[in-house]
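As structure tokens, the structure follows; a few thoughts come after it.
Throughout, read-outs are computed from the coordinates displayed, never taken from laboratory work. This one's a predicted model, so the numbers in the text were calculated from it and none came from an experiment. Methodologically, a virtual Cβ is constructed for each residue, glycine included, from the backbone with ideal geometry; neighbour enumeration extends over all protein chains shown.
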Amino acid sequence: MQHADALVAILMLAFAAAVLGCLWRAKRGRVPYVRQIPGIASLEEAVGRATELGRPVVFALGHSGLQAIETHAALSILAHVARLAARLRTPFVTLVSQQDVYPVAEETVRQAYTAEGVPDQFKAEEQVRFLSDHTVVYAMGAARIIEESRAGCALFFGPFDFTSLLMAEPGARLGVMQIAGDPSLFQIPFFVCTCDYTVIGEEYYAAGAYLSADPAARATLASQDLIKAVFAVLVVVGTLLYQFHAAWPPWLHEFLKALKIVGPRP
Amino acid sequence: MKNAVVRLLTFIGGLFFLVEFLLPERAPAWLGGFANPLTPHLGVVTTFLVVVGTMAFLLGPINLTRGHLKAVWRRHKGWAQSAVFLLFLALGLLATALRDEAARGFATRVYDALFFGLLFAFGTTSMAILSFYLVSAAYRAFRVNNLDSGIMMASAVIVLLGQVPLGDWITYALPDTLQLRSLAQWITMVPNAAVQRAVLIGACGGAFATGLRHWLGIGTRR
């Protein structure tokens, strides 16, 4: 089994302290300014446009299972979009490719409709659809639904694979407003080409807190910047140490060796 | 009440995995040298997660089958494809349940025809034509309409040409650093790698903060 070494443990505790520190400041009323994330802020515009056109909102979840944190970030966005669709009485379809995510997605959309006071309008088997756990079949199914239902907007959130272009290209060809979010970088170029807005990297994880009504959750976004600052300092310090490693005093080498940052002296 | 129980279970589960990971496999000798007390239970907890996940295993296919049944029953658009799906689902289930590798009976032959004759062949064919579809879709979708997409197109052309003999042939007379192969390598190893690592570091911080938020139940009420 894998266990944290001293450096990883120290970093994890420091990062946890940063998140909890931001939370504590928020509880005392100091909520930091959160910049606008265009891809997330435009979700309302996308659902609004689908409502005006009288066409459905299609939300495709990525290929990660329930144990992946990417899935939970996508479900947070799904909850927000489902509430918007329920509020505006816009037809809403969620596409799922993982069996274990299916019941959670269904419950998320059900809760959104209940929260908006229209639980009777939620039709589970029509609005939350499992297509396939085979990625090509899923992509083909999603493309077909976007094309045949003449979607008002199409949203793709979660980790996707080489089939991302297959899913997003029909919508781009038909002029459907599309927003995509993928935590990994490999499919981003395809989404950039085919979607109106793309949510990348940390923005993807920030979306859940950004959309949350809880100020404490929004406050923890500042901790992401603190974590990045720690990494930036580590990169600079590591580069300097590497450049001048010949001049290190012996105690510094022994200390870093004990933390498993460096190996034996060359 | 239900919400509180779910949050408590989430917290206890997360705490178990976190403490198990943070504690070393064996404590240093000056601390007594005891083994990690949680590691022996890791297998049991992981098996519990698999069991819970298995409970949801059939829900997806059931939803799929119900949707197609309804499409056939109400003669929705494309109901014929739904009927084909249901037919092959029934055939696949029966052939898998009844097949006997040793006897090589009718069910085994149906199974082989379905999986190796049809599914395998369809899968490899669709994968083979996928690359052509991707190229054509990329051509249709990509438009050089601003500076960003122009830079992206220029780098893509350099990297593509730098990987093939044509690129070498075009620039073989130039100094080594100006040849397409060197430029492609520089684009891949320097700006591309730097940006990828920067985004990855940001995403790692985001994943950590999101994990902690979900673990502590902050802002996750939907």
Study note, to complete from the structure: By residue number, the members of the stretch B:128-165 that are in a helix (DSSP H, G or I), surrounded by 12 or more Cβ atoms within 10 Å (Cβ to Cβ) and more than 11 Å from chain A (Cβ to nearest Cβ) are B:154, B:157, B:158, B:159, B:160, B:161, B:162
Point to revise | Unmet criterion (only one of (1) of a type outside the set (S, T, N, Q); (2) assigned to a helix (DSSP H, G or I); (3) surrounded by 11 or more Cβ atoms within 10 Å (Cβ to Cβ)) for residue B:76 | key: (2)
Review point. Any idea which of (1) closer than 13 Å to residue A:59 by Cα; (2) surrounded by 21 or more Cβ atoms within 10 Å (Cβ to Cβ) is the one residue A:98 doesn't satisfy?
Key: (1)
Check your understanding: Looking at this structure, is residue A:178 of a type in the set (S, T, N, Q) and under 17 Å from residue A:39 (Cα atoms)?
Key -> yes
Review point. Which one of the conditions (1) at the interface with chain B (Cβ under 9 Å from one of its Cβ atoms); (2) acidic (Asp, Glu); (3) more than 25 Å from residue A:10 (Cα to Cα) does residue A:182 fail to meet, given that it meets all the rest?
Key: (1)
Review point. Restricting to helices (runs of 4 or more DSSP H) lying wholly in the stretch A:177-253: which have 1 or more residues that are touching a strand residue (DSSP E or B) at 6+ places or on another chain (Cβ under 8 Å)?
Key: A:188-194, A:202-211
Exercise for review: Kindly indicate whether residue B:183 is in contact with a Gly (Cβ under 8 Å, 6 or more places away or on another chain), over 30 Å from residue A:223 (Cβ atoms) and not acidic (Asp, Glu).
Suggested key: yes
Check your understanding: Can you tell me which of B:188, B:171 is within 14 Å of chain A (Cβ to nearest Cβ) and surrounded by 15 or more Cβ atoms within 10 Å (Cβ to Cβ)?
Key -> B:188
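Among the residues of the stretch B:191-219, which ones are among the β-branched types (Val, Ile, Thr) and facing another protein chain (nearest Cβ under 7 Å)? Please lay out each step first, then the result.
As a first pass, look at the stretch B:191-219 and keep what is among the β-branched types (Val, Ile, Thr): B:195, B:199, B:201, B:210, B:218.
Scanning the stretch B:191-219 gives B:199, B:201, B:210, B:218.
Could we say that residue B:68 is surrounded by fewer than 13 Cβ atoms within 10 Å (Cβ to Cβ), more than 10 Å from chain A (Cβ to nearest Cβ) and under 27 Å from residue A:167 (Cα atoms) here?
Numbers: surrounded by fewer than 13 Cβ atoms within 10 Å (Cβ to Cβ): no; more than 10 Å from chain A (Cβ to nearest Cβ): yes; under 27 Å from residue A:167 (Cα atoms): yes.
No: the conditions fail for residue B:68.
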Practice item. Return only the number of the condition from (1) within 20 Å of the chain's Cα centre (by Cα); (2) buried (at least 20 other Cβ atoms within 10 Å of the Cβ); (3) at the interface with chain B (Cβ under 8 Å from one of its Cβ atoms) that residue A:162 does not satisfy. Key: (2)
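Condition first: part of a loop (DSSP other than H, G, I, E, B), more than 9 Å from every other protein chain (Cβ to nearest Cβ) and either surrounded by 13 or more Cβ atoms within 10 Å (Cβ to Cβ) or in contact with a Gly (Cβ under 6 Å, 6 or more places away or on another chain) (or both). Now tell me which residues in the stretch A:1-37 satisfy that. Steps first, answer last, please.
Looking only at the stretch A:1-37, we keep the residues that are part of a loop (DSSP other than H, G, I, E, B), and these are A:1-5, A:28-37.
Cutting the leftovers down to more than 9 Å from every other protein chain (Cβ to nearest Cβ) gives us A:28-37.
Those that are part of a loop (DSSP other than H, G, I, E, B), more than 9 Å from every other protein chain (Cβ to nearest Cβ) and either surrounded by 13 or more Cβ atoms within 10 Å (Cβ to Cβ) or in contact with a Gly (Cβ under 6 Å, 6 or more places away or on another chain) (or both): A:31, A:32, A:34, A:37.
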Check your understanding: If you go through the stretch A:101-156, how many residues are within 11 Å of residue A:58 (Cα to Cα) and at the interface with chain B (Cβ under 8 Å from one of its Cβ atoms)?
Key -> 2
